[in-house]
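Worksheet for the structure shown next.
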Amino acid sequence: MLAIETSCDETAAAVVESGRTILSSVVSSQVDLHERFGGVVPEIAGRAHVEQIVPVVSRALAGAGFDPTGRPLPTTGREGRIGAVAATTGPGLVGALLVGVSFAKALALAWDVPFVGVNHLEGHLYASLLEEPGMALPVVVLLVSGGHSLLVVMRGPGSYEVLGETVDDAAGEAFDKVARFLDLGYPGGPAVERAAKGGDSQAVRLPRPMLAEGLDMSFSGLKTAVVQFVTRHPGVRTPDVAAAFQEAVVDVLVHKTLAAARAVGARGVCLAGGVAANGRLRERTVEACAAEGLPVFLPSRAMCTDNAAMIAAAGHVRLASDGSTSIGAGAEPSARFPVSPP
Ligand code: KG4
Ligand code: ZN
């Protein structure tokens, strides 16, 4: 399966065999284009996807040993051609999504193979399973990205239940907003993490919103608390604020993840989404799970952030359960999760 991901600011394509073996995975980031605006500019993202989609898909095909018509290159000795084309249909920016969806549908039509529309969040869930196919289920997945914060229990392929979600900002969004306020640069998550390395998280007191209130989360009050603290203490060291903010987010995320795992009797925990690349979150999750004797799986950082291999993994399950997606399907910028069970 060839899969394409263009929901936000990464143009990505991957070729994956049987939903498990990654033959190639190419990600072209637009970070340098959006940097000076301090966030993703939808119009610029759409145009950049149009420019990048051909080279990125060509590299993914060539890297996996296929020619531009989806047939194996003679030198590879591989048999069989690309059998399906998947693309992220949502959630995401409509102008960005449409590039990948249209391109994937055109290839599927030209090659006469099925088109498969994939929910981006379902893709993030499969990122861990791609790297750890033998993971015991049920597993609780903390899915924290720029647009979403969800706690999901995965009981089997396609069988999930949302246990908790953010009631306001996503965790990644909070990192991005705080980074912008502290003038740390873009993208915000890695910038806050870098700044926090030189800071003392104890030096600034911040709240842990909704810590003891079920499995839903809230991050917008924490962002406001950062703004208020810095306004009242203009001499505070920025690394201390960054460290304290990161620690507060991580405290909440780890606490809720462990509570979710206990509530459903999970046999393991894993992380997904861009914020799962955060070193402090990874460290604290490992410590907390070890203390409870709970197996934990941390996908590689490249598998946490947006990529197309995870879209192929989810697409493989969707194709097997639902069959192909109508070629008339469009982008769904506000697609919800969970998608209906297969
Ligand atoms: O999953 P992703 O690549 O795109 C979305 O689907 O949103 O996640 C991007 C988000 C951004 O908000 C970014 O600031 C955050 O993940 N992020 C991080 C780190 N790396 C990326 N947040 C905290 N620490 C990081 N190291
Ligand atoms: Zn994502």
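Remarks
- For T305, the stated conditions hold: it is surrounded by 15 or more Cβ atoms within 10 Å (Cβ to Cβ), within 14 Å of ligand 2 (Cβ to nearest atom) and among the hydroxyl-bearing types (S, T, Y).
- Residue satisfying condition, being away from ligand 1 (no atom under 13 Å from the Cβ), touching a residue at least 60 places away in the same chain (Cβ under 8 Å), out of contact with any Pro (no Cβ under 8 Å at 6 or more places or on another chain) and within 26 Å of T224 (Cβ to Cβ), within set L143, L137, L151: L151
- Restricting the range 100-114 to residues that are surrounded by fewer than 24 Cβ atoms within 10 Å (Cβ to Cβ) and in contact (Cβ under 8 Å) with a residue 60 or more places away in the chain, the residue that is nearest to R20 (Cα to Cα): P114
- Test: E193 is assigned to a strand (DSSP E or B) and at pLDDT 95 or above: no
- In the range 82-95, the residues that are closer than 20 Å to E17 by Cβ and in contact (Cβ under 8 Å) with a residue 24 or more places away in the chain form Cβ pairs under 7 Å with partners that are of a type in the set (S, T, Y) and outside any strand (DSSP E or B), at six or more places apart or across chains, as follows: T88/T6; T88/S7.
- Among the residues examined, A60 does not qualify as within 16 Å of ligand 1 (Cβ to nearest atom), within 28 Å of E332 (Cβ to Cβ), in a helix (DSSP H, G or I) and among the small types (G, A, S).
- Options A290, A329, A261; residue that is away from ligand 1 (no atom under 16 Å from the Cβ), modelled with pLDDT under 95 and either surrounded by fewer than 21 Cβ atoms within 10 Å (Cβ to Cβ) or within 22 Å of L163 (Cα to Cα) (or both): A329
- Restricting the range 120-153 to residues that are modelled with pLDDT of 95 or more and surrounded by fewer than 23 Cβ atoms within 10 Å (Cβ to Cβ), the residue that is nearest to ligand 2 (Cβ to nearest atom): V153
- In the range 26-58, the residues that are under 16 Å from H120 (Cβ atoms) and in contact (Cβ under 8 Å) with a residue 60 or more places away in the chain: V27
- Selection count where residues are away from ligand 1 (no atom under 16 Å from the Cβ) and surrounded by fewer than 19 Cβ atoms within 10 Å (Cβ to Cβ), scope the range 1-32: 4
- When the residues of the range 154-191 are filtered to those that are within 14 Å of ligand 1 (Cβ to nearest atom) and of a type in the set (S, T, Y), the one that is surrounded by the fewest Cβ atoms within 10 Å (Cβ to Cβ) is Y186.
- All of A302, A272 fail the test of being in contact with a Cys (Cβ under 7 Å, 6 or more places away or on another chain), of a type outside the set (S, T, N, Q) and under 20 Å from T6 (Cβ atoms), apart from A272.
The values are calculated or read from the model by the stated rules, or taken from the named source; none is laboratory data. Bear in mind the structure is a predicted one, so any value in this text is a computation, not a measurement. Here Cβ is always computed from backbone atoms with ideal geometry, including for glycine, and neighbour counts include all displayed protein chains.
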